[in-house]
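Peer 1: Attaching a single structure in structure tokens format; questions to follow.
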Ligand SMILES: [Zn+2]
């Protein structure tokens with residue numbers, strides 16, 4: 001399986017959901033093995049952050065990456081679009097601190113990115129789950145099981161008749177992601193939105209970029225895009241956050257009541273539990289265990305062999321550098 005980037009620069013203009021700030025974002029081609037990097041054009045110097053779980057600085061309302069004074073907020077929907085379309089390497093430039101929320105889903109990103117994928121004839125490194133693992137925090141759970149592909153299940157429970165309990169499962173590929181998940185919008189409760197605004201958040205939020213629910217139901221005149229749009233959107237968030245692993249996952253992830261905080265904690269736990277996964281390349285003959293090969297070759301992989309530290313070696317230098 002080959003890596004992908006984009007054919008040309010693709011720009012999006014919008015506002016940040018929480019900041020309300022206008023922002024222009026441009027997705028640019030990047031070399032194989034460079035991963036996904038964000039660059040703030042409005043800051044002096046080389047304000048670059050790589051899309052890694054080790055750069056997450058806040059998960060309260062969205063997934064924010066930070067390094068020093070450089071912050072990039074609400075990364076999850078663009079990262080989901082890139083991950084869902086198997087795009088591995090891009091430089092994302094933006095001229096403010098929060099990505100544009102667009103219509104509250106990943107559909108506007110997917111619409112343009114899907115037409116502009118470019119294959120890079122370099123093997124894709126993947127994290128293949130070989131043993132189940134569960135992250136648990138009270139009644140919140142994120143489990144991963146071995147599966148020959150990338151499958152995500154979301155189970156959510158809200159004490160509201162419009163949502164109640166919902167579950168959705170998707171076997172993620174280029175087509176299913178675009179058709180079943182990409183257009184599911186983010187959502188919030190009216191009371192919560194009022195509270196957030198009073199605290200300087202959700203300033204860019206409106207019925208144009210979120211599903212808003214009051215006591216009686218959905219306020220948006222157009223209603224829902226899917227009856228289970230809420231569970232589908234949670235899958236979008238899972239896919240976006242898991243892109244921060246640094247390489248695609250081969251396994252079945254089951255997220256129950258989880259949010260950004262638990263997604264990141266789950267990834268860190270997974271990176272530590274090396275007996276649960278292998279780093280592999282897949283060719284026509286099946287999988288090749290890259291990690292074993294590297295360990296044997298170097299005989300010194302260290303105590304914590306994290307995905308982003310692993311080969312191809314030129315990528316190690318670039319990814320750590322940004
Ligand atoms: Zn979301």
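Peer 1: Below 8 Å, C-alpha to C-alpha, sequence gap of six or more: please give me the relative contact order for region 2-321 in percent. It would help to have the intermediate numbers written out before the result.
Peer 2: Values: 721 pairs, mean separation 74.0, N = 320.
Value for region 2-321: 23 percent.
Peer 1: On to the next question. Estimate the FRET efficiency between residue 119 and residue 46 by the formula 1/(1 + (r/R0)^6), using the beta-carbon distance for r and 25 Å for R0, to the nearest 0.05. Can you show the working numbers first?
Peer 2: Details: r = 29 Å, r/R0 = 1.16.
Efficiency, rounded to the nearest 0.05: 0.30.
Peer 1: For residue 140 and residue 28 in one chain, what is 0.36 nm times their gap in residues minus the Cα-Cα distance, to one decimal in nm? Intermediate values should be presented prior to the final figure.
Peer 2: Details: separation 112, 0.36 × 112 = 40.32 nm, distance 3.67 nm.
Roughly 36.6 nm would be gained on extension.
Peer 1: Using packing as a proxy for protection, rank 16-24, 137-145, 104-112 so that the peptide with the highest average count of other Cβ atoms within 10 Å comes first. Spell out each step's value before the answer.
Peer 2: Working: 16-24: 19.2, 137-145: 16.4, 104-112: 22.1.
Listed from highest to lowest mean packing, they are 104-112, 16-24, 137-145.
Peer 1: Can you tell me the relative contact order of region 1-122? Whole percent, Cα pairs under 8 Å, sequence separation 6 or more. Don't skip to the end; give the middle numbers.
Peer 2: Values: 272 pairs, mean separation 47.7, N = 122.
After rounding, I find 39 percent.
Peer 1: Suppose the Debye formula is applied to equal point scatterers at every Cα of region 110-155; what is log10 I(q)/I(0) at q = 0.19, 0.31 Å⁻¹?
Peer 2: Values returned for q = 0.19, 0.31 Å⁻¹ are -0.84, -1.15.
Peer 1: Run through all the Cα pairs of the chain and give the fraction in each 20 Å bin from 0, expressed as whole percent.
Peer 2: 33, 59, 8, 0
Peer 1: Give me the distance in nm between label points sitting 7 Å out from Cα along the Cα-to-Cβ direction at residue 130 and residue 157, one decimal.
Peer 2: 3.5 nm
Peer 1: Oh, and also: Fewest to most neighbouring Cβ within 10 Å: what's the order for 158, 266?
Peer 2: On the way: 158 15, 266 28.
Sorted ascending by nearby Cβ count, the order is 158, 266.
Peer 1: Which residue, 219, 239, 254, tops the fluctuation ranking in a GNM of the chain built on C-alpha contacts under 10 Å?
Peer 2: 219
Peer 1: Still on this structure, please answer the following. Multiply the residue gap between residue 198 and residue 176 by 0.36 nm, knock off their C-alpha separation, and tell me the result in nm, one decimal place.
Peer 2: Residue separation times 0.36 nm, minus the Cα-Cα distance, leaves 4.1 nm.
Peer 1: Using the Kirkwood formula over every pair of different C-alpha atoms, what hydrodynamic radius in Å results for region 90-224?
Peer 2: Numbers: mean 1/r = 0.0548 Å⁻¹.
Mean inverse Cα-Cα distance, inverted, gives 18.2 Å.
Every number in this text was worked out from the coordinates using simple rules, so none of it is lab data. The shown structure was predicted, so the numbers you read here are calculated from the model rather than taken from an experiment. A quick note on method: Cβ atoms are made from the backbone with ideal geometry, for glycine too, and the neighbour counts reach across all protein chains shown.
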